[in-house]
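The values are calculated or read from the model by the stated rules, or taken from the named source; none is laboratory data. The shown structure was predicted, so the numbers you read here are calculated from the model rather than taken from an experiment. Counting neighbours? That spans all protein chains shown, and the Cβs are built from the backbone with ideal geometry, glycine included. Side chains are part of the model used for accessible areas, which takes the heavy atoms of the whole protein and leaves out ligands, DNA and RNA. Shrake-Rupley method; radii C 1.70, N 1.55, O 1.52, S 1.80 Å.
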Amino acid sequence: MNERKDDLLERLFALKASGTTVRTEILAGVTTYLTMAYIIFVNPAILSQAGMDFGAVFVATCLAAAAGSLIMGLYANYPVALAPGMGLNAYFAYTVVPQFGGDWRLALGCVFASGVLFLGLSLSPLREWLVNAIPRSLKYGIGAGIGFFLAMIGLQNAGIVIDHPATLVTLGDVGATSALLAMAGFVALVALYYRRVPGAIMLIILGVTLAAVLLGLQPLEGIADMPPSLAPTFLQFDIRGAFEMGFVTIVFVFLLVDLLDTTGTLVSAGQRAGLTDAEGKLPRLRKAMTADSSATIIGAALGTSTTTAYIESTAGIETGGRTGLMTVTVALLFVLSLFLAPLADTVPLYATAPALVLIACLMARALGDIDWGDVTETVPAVVTALAIPLTFSIASGIGLGVISYAAIKLLAGRFGDLNWAVGIIAAAFAIKLALQ
């Protein structure tokens, strides 16, 4: 019986050819799950602020992560797990839903449409063209800007940054117990992350939550129970209504950020896993991109924001994961997470703040890759990174960044740095911003 199982796993994942074993892949899967399981607490907390049912989003998060990871593992045989992406969930909840007058169904329709477009791109040569059309400096600026956006949300959730009628924002009551717990959690999280403690983010979220319960700040809703109903969000996306509301820019932002995130994650994880060939190309890339886009479609149908590849997968790769068996292990663990809904409901917003701010700090590292010696590259990237959090909109930030890039290059006489795709995107954003 064991021999048959081993033969099946060998046929599915080519373990021997990848220089790995079943035990190593399972251990790598557990490690990866621990590093990204925070999403089952953070994603429902963010999307529920857009009016979505917390329990249904929790189930959708677990199932979308499980389905996406399963497809990536079985179809593409990649050691890269998937789950609803950070940044895009914030854009969904705090920008898109308010723009649609609070109707999250329209926002889900945009996510679904972006997934369908992404799937079409994954099956065509246009994928590489679109990725290459976006200037590298703007890619770095977008990544850092989304990080700053998350930091702003985390600091707000902790009550450390609050609104002010004269200065827009100001320091909150940092002496409040909730703010102190969030700040202590952040310091402890950075220390644990530095020491490479597996599951550091999840440990801190649970630690802050436990402290809040013990101090009487948060009621304990329970630890485990049967999963909540998915009905409030299942197949609730509204595509027709989204079309009527003029959704082109929103879909483009969902598509662009997901495409850039996925491409960057696959390249980084593939290099660390030794999957690249002599020319630095990744095998089965089309399958991997197809798996990612399919996960976005499934996630939107279930009731969550864009599902994408997670860079946290590199934690499992460092442990020895090399095949899709690692990813399938992650999928199974997300299925088991369905029974932790009461625990997720217990987690207060300020317990997730340390995770959001740490992720922001890690994403800000992208600014270090900019060519700081070329002001025509530096300024548009910094404009993008600043505009995303200050306008509280990824779309507006990208728009201002692309417009400034095109205008600066033209006036500087650097016509060769521009391509017609950037020109079209800049013109479209300029028209949109002028008309809004």
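Details
- Of all the options Ala76, Ala188, Ala45, the one that moves most in a Gaussian network model of the chain with Cα springs shorter than 10 angstrom is Ala188.
- For the chain, with all protein chains in place and a probe radius of 1.4 Å, 65% of the accessible heavy-atom surface sits on carbon or sulfur.
- The value of relative contact order for the chain, using C-alpha pairs under 8 Å at least six residues apart, is 35 percent.
- Spacing of the modelled spin labels on Leu433 and Trp372, each 7 Å from Cα toward Cβ, amounts to 2.5 nm.
- Choice from Lys287, Lys16, Lys409 with maximal GNM fluctuation in the chain (Cα, 10 Å cutoff): Lys16
- Between Leu256, Leu362, Leu325, the GNM of the chain built on Cα springs shorter than 10 angstrom shows Leu362 fluctuating the most.
- Rounded if a/c under 1.5, otherwise prolate or oblate - region 327-377, Cα gyration tensor axes: oblate
- Per residue accessible area of region 277-436, 1.4 Å probe, in Å²: 39
- Residue (of Ala331, Ile39, Phe237) at the positive-pole extreme of the chain, dipole from beta-carbon charges: Ala331
- Fraction of alpha-carbon pairs over 33 Å apart in the chain - percent: 33
- Sorting 195-202, 61-68 by average packing, meaning the other beta carbons within 10 Å per residue, from highest down gives 61-68, 195-202.
- When the chymotrypsin sites (Phe, Trp or Tyr not before Pro) in region 319-401 are filtered for DSSP coil states and for at most 14 other beta-carbon atoms within 10 Å of their beta-carbon, the remaining sites are Trp372.
- Ligands, DNA and RNA are left out, and with a 1.4 angstrom probe the accessible area of region 164-203 is 66 Å² per residue.
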